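Nothing in this text is a laboratory measurement; each read-out follows from the coordinates by a stated rule. This one's a predicted model, so the numbers in the text were calculated from it and none came from an experiment. Neighbour counts are summed over all protein chains in view; Cβ atoms, including those assigned to glycine, are modelled from backbone coordinates with ideal geometry.
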């Protein structure tokens, strides 16, 4: 075996070893090619290791919770837009997604705790106000988090979030919400339109709004381009 071959074999063995260790321990792996700067590492209240990124600076922070099977990169384009508007945007990977630690059931369902952990990070970074924005799976998580996070956040936006998912009940959380909330869904987004209505009707907070956008755009898609949904989101953030 020549020297070049020995180096190649050794490198492969090292990579395999590291990959095995990461899989066994749940260690975060740096795979966010969409956001190389501003990396964050923090923990949820139950000790779960989470990964995220910060975009921009500001005393108002927007915490962005991604959709199912997503990660930080789902939100990166819009996070950069928020940063350009003068906000601190924090996008993170839910447990079991992206670079965050995998947890078995029932710990795998504590998604709202991940949102609350990101809120703490935002406040440590100097945020005086925090608004939560969640898309689809992230939408249910931000509603539950907004009902439980202390001190309370300043507002919450649910983009196409389900009313219930995998044992997570956003309707029950909405009945306890005491912060301003905006629900947005496509008026032809099968199932999610009705879920938005259910959540709106259940919400205890009087400062609440439901906006149905023509079409079937879902979650992050709603703010991926200029339009009514994006304007509604940014107007809400500025007002709260």
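If the chain linking residue 41 and residue 224 were pulled fully straight, counting 0.36 nm for each residue of separation and taking away their Cα-Cα distance, it would gain 63.3 nm.
Given the choices (i) 34, 19, 17; (ii) 39, 19, 15; (iii) 45, 21, 15, semi-axes √(5λ) of the Cα gyration tensor in Å derived from the coordinates of this structure is entry (i). Extension gain, residue 128 to residue 201, is 23.3 nm, computed as 0.36 nm per intervening residue step minus the present C-alpha separation.
With helices as the sole contributors, the chain gives -12000 deg cm²/dmol at 222 nm; each DSSP H run of n ≥ 4 counts as -39500 (n - 2.57), and the sum is divided by every residue.
Net length available on complete extension from residue 212 to residue 176 is 10.6 nm, with 0.36 nm assigned per residue and the Cα-Cα distance removed. Using the Cβ-Cβ distance between residue 148 and residue 239 with R0 set to 35 Å, the FRET efficiency works out to roughly 0.90. Rounded to the nearest 5, what % of the DSSP beta bridges within the chain are antiparallel ones? Looking only at bridges with both residues in the chain, the antiparallel portion is about 30 percent.
The mean sequence separation of alpha-carbon pairs under 8 Å and at least six residues apart, normalised by the residue count of the range 32-239, gives a relative contact order of 17 percent.
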